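Visitor: Before anything else, here's the structure in question.
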Amino acid sequence: MEQNEELIWKGSPSQWTNFWIFLSSILVVPIPIAFWKWLSTEKNKYEITSERIIHQQGVFKVTVDDVELYRVKDIRIEQPFVYRMLGLSNLIVVSSDRTRPSLTIPAIKNGLQVREQLRKAVEKRRDEKRAREMDFTGGGDIEL
């Protein structure tokens, strides 16, 4: 993260995403598999700054990817029934980024609040960059 970037949110998915693995490790699945799921979830990190969304994942091989905020087209919240009961949400970001057109931040707390903070940061960043998203869809073929 650059020095002039302001951190808006930082977190990782809730371990509740591994509930069935943990439960089955008691009954069926060996504990090393449950430990691996826990570790891989723990090493799945997200940061939302004033300029971009940074996703870092991996235990042995670490991959870092980012999406510039001015490229964000849509932000959606999904709350499956169990997540809603636990106060968790999936934050889905749709962007014009070629390598990461869709980014899901799973099982986060205060999803609606994070979504609103991200929405405001996207608008601010677009104003700073004087950037606007434009969609060009087909529909009118031009004949020569």
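Values quoted throughout were computed directly from the atomic coordinates according to the rules given, and no laboratory measurement underlies them. None of the values given here were measured: they were computed from a predicted structure. Cβ sites come from the backbone with ideal geometry, for glycine too, and all protein chains shown count toward neighbours.
Visitor: So for Leu69, Leu39, Leu103, fewest C-beta neighbours within 10 Å to most, what's the order?
Guide: Taking fewest neighbouring Cβ atoms as first place, the list is Leu39, Leu103, Leu69.
Visitor: Another one. For the chain, which longest stretch is free of loop sites, where a loop site is one of the trypsin sites (Lys or Arg not before Pro) that DSSP puts outside H, G, I, E and B and that has at most 14 other Cβ atoms within 10 Å?
Guide: With a cap of 14 other Cβ atoms within 10 Å, the longest stretch comes to 1-42.
Visitor: Projecting each Cα onto the charge dipole of the chain (Lys/Arg +1, Asp/Glu -1 at the beta carbon, about the Cα centre), which of Val72, Phe22, Val114 comes out farthest on the positive side?
Guide: Positive-end residue among those listed: Phe22.
Visitor: May I ask you to derive the FRET efficiency for Gln113 and Ile31 from their Cβ-Cβ distance with R0 = 41 Å, giving the value to the nearest 0.05?
Guide: Result of the calculation: an efficiency of 0.70.
Visitor: Listing Phe81, Phe22 from the residue with the fewest other Cβ atoms within 10 Å to the one with the most, what is the order?
Guide: Exposure proxy ranking, most exposed first: Phe81, Phe22.
Visitor: What helices does the chain have that are whole DSSP H segments, at least 30 Å long along their own axis by Cα, and with mean Kyte-Doolittle hydropathy of -0.5 or more?
Guide: none
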